[in-house]
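Asker: The structure under discussion is supplied below as structure tokens; questions concerning it will follow.
The values are calculated or read from the model by the stated rules, or taken from the named source; none is laboratory data. As the structure is a prediction and not an experimental result, all values here were calculated from the model. Don't worry about glycine lacking a Cβ; one is built from the backbone with ideal geometry, like all the others, and counts go over all protein chains shown. Ligands, DNA and RNA are excluded from the accessible area calculation, which covers all protein heavy atoms including side chains. Shrake-Rupley method; radii C 1.70, N 1.55, O 1.52, S 1.80 Å.
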Amino acid sequence: QVQLVESGGGLVQAGGSLRLSCAASGSISSINTMGWHRQAPGKQREWVATITGGITTYSDSVKGRFTISRDNAKNTVYLQMNSLKPEDTAVYYCNADIYRVSGGWRKYWGQGTQVTVSS
């Protein structure tokens, strides 16, 4: 009933930029925190960025290079990634804390989108 769909991943050269989008749809009453995590092969999933209202937070590894934003009217969160490095290569997952029309808060995850940064 509720789903998050990411888009914008792809292959980019080091130093380049990508903009990821994640749109939530379904029986949604409200959305609180939205964010991004990433997972490289053989590694644990790591937190990247979070936005709650107008407050944003970032991991040290992406601070100053990535920007998280949201469009509440579209239930969409974005991740603008600049100055990309090969170590940014990972599957990126969005998430959102959603209050359903039927009631209750629940954290939802997108299916992931691959970002590959070549040297």
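Asker: May I ask you to list the aspartates and glutamates whose Cα is less than 13 Å away from that of Lys107, ignoring any residue fewer than eight positions away on the same chain?
Answerer: Counting by Cα, and skipping residues close in sequence, Lys107 has these aspartates and glutamates nearby: Asp97.
Asker: Separate question: Using a 1.4 angstrom probe, figure out how much accessible area the chain has per residue, in square angstrom, rounded to the nearest whole.
Answerer: Averaged over the residues of the chain, the accessible area is 52 Å².
Asker: Quantify, in whole percent, the carbon and sulfur part of the accessible surface of region 26-101 (1.4 Å probe; protein heavy atoms only).
Answerer: Values: 1770 of 3740 Å².
Carbon and sulfur atoms account for 47 percent of the accessible area of region 26-101.
Asker: Would you please put 17-23, 5-11, 77-83, 108-114 in order of how densely packed they are, using the mean number of other Cβ atoms within 10 angstrom per residue and starting with the highest?
Answerer: 77-83, 17-23, 108-114, 5-11
Asker: Same structure, new question: Rounded to the nearest 5, what % of DSSP beta bridges with both residues in the chain are antiparallel?
Answerer: Rounded to the nearest five, the antiparallel share is 90 percent.
Asker: How high is the relative contact order of the chain, in percent, with contacts defined as C-alpha pairs under 8 Å that are six or more residues apart? Walk me through the numbers before you get to the answer.
Answerer: Working: 295 pairs, mean separation 43.4, N = 119.
Relative contact order, the chain: 36 percent.
Asker: Might you report the magnitude of the Cβ-based charge dipole of the chain about its Cα centre, with Lys and Arg at +1 and Asp and Glu at -1, to the nearest 20 debye?
Answerer: It comes to approximately 120 debye.
Asker: Still on this structure, please answer the following. Averaging over every viewing direction, what projected area does the convex hull of the Cα atoms of the chain cover, in nm²? Don't jump to the answer; show the numbers that get you there.
Answerer: Details: hull surface 28.2 nm².
Directional mean of the projected Cα hull area for the chain stands at 7.0 nm².
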